[in-house]
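As structure tokens, the structure follows; a few thoughts come after it.
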Amino acid sequence: MSNHVRITDVSPRDGLQNEPGVISTQNKCCLIEMLSKTGVDEIEMTSFVSPRWVPQLGDAAQLASLLAGFKKPAGMVYSALVPNERGMEALLKANEHARDIAGVDQLIDKVAVFTAASEAFTQKNTNASIKETLARFEPVVLCAKEHRLATRGYISCVIQCPFQGSISPEQVAQVAIDLLELGIDEIDLGDTIGAGTPESITRLIQTVVQAGIDISRLTLHLHDTFNKASQCVQAALDLGVRSFDGSVAGLGGCPYASTESRQAPGNIALAALINTISQAGFQTGVDLNQLDEATECATRIVQEARKDAGSVES
Ligand code: HMG
Ligand code: MG
């Protein structure tokens, strides 16, 4: 089994989608450029979702235009969230535009669709049932294949739902099977509210693998509410998971996972993720000095925007 662990930084998407302030497209582009130098394998750069639902990422097309002028390092993957055909059309247009203005062959390489193992959360997040989200993905996946784009399928609330409570690993496995049957390449298991423990994450991965899903197709996406995400990463590494998401400075949270009493938590911080992985004897391509610079950049742009939005003391 390979010693290399694949890292996706989701901060430009998950990290910024719940921020109260307005972050300029220019600052988002700077952050992605800094992240591109860290050696992570993939950067989830934005979402082509409804700007009514997530105004923070309503500049996806403009961001893609700006990024087209930046030389993406060889082998680096840029991905973006897409909820439906409308989002897919916008993503393709962004790629076409990048080709026209800067000769970029494929700016965005991967399409990430998202559903959940919880009906209540899927309704809140996408105004659809799990079954309806899967039906929306069918044309998206076909189109992605036609355009040689890889596909990731997120399953949120793999341990617990903020509205529905505990989720059974069997339910997660069923949604994973449904996504793979649609032709999705990679399954990303999202612990949306950071409820996982090493024990529950172990049970989850074992159940999904016993359902026939190859572990090499799994990524783990942990939010870190109770400081247990690093232990969960360790447990997943022990079972053979070799792909993880994280975000610089631990930014992140789904706006539709917050409840009145609890704000959706941030992702596992990339620095903590990399430390856990190297302490366990595995390798990533991440350069810690470059990661510090990207973390500083993310913290600065978010703090500035929060100050402008009046959500922190100046
Ligand atoms: P809807 O309101 O049911 O859809 O939203 P609609 O078809 O009625 O459209 C409503 C409006 O949005 C219309 O505009 C559409 O044209 C427009 P209007 O006529 O009112 O002006 N619209 C779009 N505009 C741009 N791009 C599109 C698009 N689609 C429709 N793609 C919809 C359904 C899915 C669009 C909506 O619910 C949505 O955008 N949801 C996204 C929510 C979201 O992004 N959540 C955060 C990401 S998921 C997450 O964070 C979890 C994860 O990190 C893993 C984990 O941690 O668990 C991935
Ligand atoms: Mg998330």
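Out of the residues in segment 117-128 that are of a type in the set (A, V, I, L, M, F, W, C) and more than 14 Å from Leu179 (Cβ to Cβ), which is nearest to ligand 2 (Cβ to nearest atom)? So the residue we want is Phe121. Residue under question is Lys131, and the condition is that it be more than 16 Å from ligand 2 (Cβ to nearest atom), under 25 Å from Thr259 (Cα atoms) and either assigned to a helix (DSSP H, G or I) or of a type in the set (Ser, Thr, Tyr) (or both); does it hold? Yes, satisfied. Looking only at segment 148-157, which residues are assigned to a loop (DSSP other than H, G, I, E, B) and surrounded by 14 or more Cβ atoms within 10 Å (Cβ to Cβ)? Answer for segment 148-157, where residues must be assigned to a loop (DSSP other than H, G, I, E, B) and surrounded by 14 or more Cβ atoms within 10 Å (Cβ to Cβ): Leu149, Cys157. In the list Gln290, Gln303, Gln279, which residue meets the criterion of being surrounded by fewer than 18 Cβ atoms within 10 Å (Cβ to Cβ), under 15 Å from Ala249 (Cα atoms) and without any contact (Cβ under 8 Å) to a residue 12 or more places away in the chain? Exactly one residue qualifies, and that residue is Gln303. Is it the case, given these coordinates, that Ala128 is hydrophobic (A, V, I, L, M, F, W, C), near ligand 1 (Cβ under 10 Å from one of its atoms) and without any contact (Cβ under 8 Å) to a residue 12 or more places away in the chain? In short, yes. Please go through (1) in a helix (DSSP H, G or I); (2) under 15 Å from the mean Cα position of the chain (by Cα); (3) not small (Gly, Ala, Ser) for Phe114 and return the number of the only condition it doesn't satisfy. That leaves (1) as the condition not met.
Of all residues in segment 134-192, those that are within 16 Å of ligand 2 (Cβ to nearest atom), more than 17 Å from Leu220 (Cβ to Cβ) and polar (S, T, N, Q) total 0. Of Leu222, Leu218, Leu237, all but one fail to be more than 14 Å from ligand 2 (Cβ to nearest atom) and under 15 Å from the mean Cα position of the chain (by Cα); the exception is Leu218.
Can you report the number of residues in segment 242-252 which are within 26 Å of Thr207 (Cβ to Cβ) and either buried (at least 22 other Cβ atoms within 10 Å of the Cβ) or within 15 Å of ligand 1 (Cβ to nearest atom) (or both)? Matching residues across segment 242-252 total 5. Is it the case that segment 253-261 has a residue that's more than 16 Å from ligand 1 (Cβ to nearest atom) and either surrounded by 16 or more Cβ atoms within 10 Å (Cβ to Cβ) or in contact (Cβ under 8 Å) with a residue 40 or more places away in the chain (or both)? Among the residues of segment 253-261, not one is more than 16 Å from ligand 1 (Cβ to nearest atom) and either surrounded by 16 or more Cβ atoms within 10 Å (Cβ to Cβ) or in contact (Cβ under 8 Å) with a residue 40 or more places away in the chain (or both), which makes the answer no.
Of the set (1) of a type in the set (A, V, I, L, M, F, W, C); (2) surrounded by 17 or more Cβ atoms within 10 Å (Cβ to Cβ); (3) closer than 26 Å to Gln106 by Cβ, all apply to Leu142 but (2). Among the criteria (1) more than 24 Å from Leu218 (Cβ to Cβ); (2) within 16 Å of ligand 2 (Cβ to nearest atom), the one Phe114 does not fulfil is (1). Of all residues in segment 201-227, those that are farther than 26 Å from Phe137 by Cα, within 15 Å of ligand 1 (Cβ to nearest atom) and in a helix (DSSP H, G or I) total 1.
Values in this text are rule-based calculations from the coordinates and carry no lab data. Here the structure is a predicted model, which means the values were calculated and not measured. Cβ coordinates were reconstructed from backbone atoms using ideal geometry, including for glycine residues, and neighbour counts include every protein chain displayed.
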